[in-house]
1. Considering only the range 57-84, state which residues are assigned to a loop (DSSP other than H, G, I, E, B) and either within 17 Å of THR16 (Cβ to Cβ) or not basic (Lys, Arg) (or both).
2. Would you pick out the residues in the range 75-95 that are farther than 21 Å from LYS25 by Cβ and either among the small types (Gly, Ala, Ser) or buried (at least 19 other Cβ atoms within 10 Å of the Cβ) (or both)?
3. Given (1) outside any loop (DSSP other than H, G, I, E, B); (2) touching a helix residue (DSSP H, G or I) at 6+ places or on another chain (Cβ under 7 Å), where does SER87 come up short, assuming only one miss?
4. So ARG43 clears everything in (1) at pLDDT below 95; (2) over 15 Å from GLU94 (Cα atoms); (3) within 12 Å of the chain's Cα centre (by Cα) except one condition, right? Which one?
5. Can you pull out the residues in the range 57-74 that are surrounded by 15 or more Cβ atoms within 10 Å (Cβ to Cβ) and among the hydroxyl-bearing types (Ser, Thr, Tyr)?
6. Which ones in the range 1-56 are of a type in the set (Ser, Thr, Tyr), surrounded by fewer than 15 Cβ atoms within 10 Å (Cβ to Cβ) and either in contact (Cβ under 8 Å) with a residue 24 or more places away in the chain or not in a helix (DSSP H, G or I) (or both)?
Amino acid sequence: MLTSKQRAYLRSLASTEPTIMQIGKGGIGENLIKTVSDALEARELIKMAVLENSGEEAREVAEALAEATSAEVVGVVGKKIILYRESEKKKRIEL
């Protein structure tokens, strides 16, 4: 569980990160979960966008992905989702 200070720090780091994935009408499937998990292992902090045609709310998508990948939801701003999971092999971010 992240503290509010850790969340704020991670949000500030995410502001300079590019959006690396988009979630569209395909929704959340096994391939997306694997891709997100791999991205979290490589980067620890990722930012994604939920497209209008997905038909789902960004908060719901964030919670589902966090649960499926054992990650933490750092924040949801509009249609953007920020997720964090500490890497087992490539630790970059010190909290």
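1. GLU57, SER70, ALA71, GLY78
2. Taking the range 75-95 as the starting set, the residues that turn out to be farther than 21 Å from LYS25 by Cβ are 75, 77, 82, 84-95.
If the condition is that a residue be farther than 21 Å from LYS25 by Cβ and either among the small types (Gly, Ala, Ser) or buried (at least 19 other Cβ atoms within 10 Å of the Cβ) (or both), then GLY75, ILE82, TYR84, ARG85, SER87 are the ones that fit.
3. Of the numbered conditions (1) outside any loop (DSSP other than H, G, I, E, B); (2) touching a helix residue (DSSP H, G or I) at 6+ places or on another chain (Cβ under 7 Å), the odd one out for SER87 is (1).
4. (2)
5. THR69 - this is the single residue of the range 57-74 that is surrounded by 15 or more Cβ atoms within 10 Å (Cβ to Cβ) and among the hydroxyl-bearing types (Ser, Thr, Tyr).
6. The answer is THR3, SER15, THR16, THR19.
The values are calculated or read from the model by the stated rules, or taken from the named source; none is laboratory data. Computed from a prediction, not measured in an experiment: that's the story for all the values here. Because the Cβ atoms are built from the backbone with ideal geometry, glycine has one as well, and the counts that use them run over all protein chains shown.
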